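J.: Could you have a look at this structure, given as structure tokens, before my questions?
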Amino acid sequence: MNSLPDEEEMLVLIKEQCESLPSVERKFLEARLIPLQRKTLYWEYGKGEPYDSWVFADFKEREVGVTYCKGGFGEMGSPWGLIFFHDAKFGMDCGWYDSLLDLIQDGWIE
């Protein structure tokens, strides 16, 4: 499995990311933050390889959450991802982003 920041490091990373967001995006995300949850995602484009991630936000729509997976989409980059809470797969590459700002601005806010 990939290495992942520990809980304290992840909280610092999320805080830094939030502080770097423009005001509208920061308020949007802060209203959706949840306690950190480790989640193992399985790489469905290979042999089901497991990757650890941290889920930290609930978009409260269609069971969509936000996760961070070091190395990103199956270790192909883009560490910030949209996932379904009811699923343990990475989903499509279009749901993974290089930055948290790109993720939020891709159709989640006006």
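Where a number appears in this text, it was derived from the coordinates with a stated rule and is not lab data. Quantities reported herein were computed from a predicted structural model and do not represent experimental measurements. Cβ: placed from backbone, ideal geometry, glycine included. Neighbour counts: every protein chain shown.
J.: Once Rg and Dmax of the Cα atoms in Å is worked out from the coordinates, which option in (i) 12.6, 36; (ii) 13.6, 39; (iii) 13.0, 41 does it equal?
T.: (iii)
J.: Run lengths n ≥ 4 of DSSP H only: what is the helix-derived mean residue ellipticity at 222 nm for the chain, with -39500 (n - 2.57) per run over all residues, to the nearest 500?
T.: Mean residue ellipticity, 222 nm, calculated: -7500 deg cm²/dmol.
J.: Compare the Cα positions of VAL24, MET92, LEU103 along the charge dipole of the chain (+1 at Cβ of Lys, Arg; -1 at Cβ of Asp, Glu; about the Cα centre) and return the one farthest towards the positive end.
T.: My answer, from the dipole projection, is MET92.
J.: Can you give the angle from 0 to 90° between the axis of helix 7-20 and the longest principal axis of the chain, with both taken from C-alpha atoms, to the nearest 10?
T.: 40
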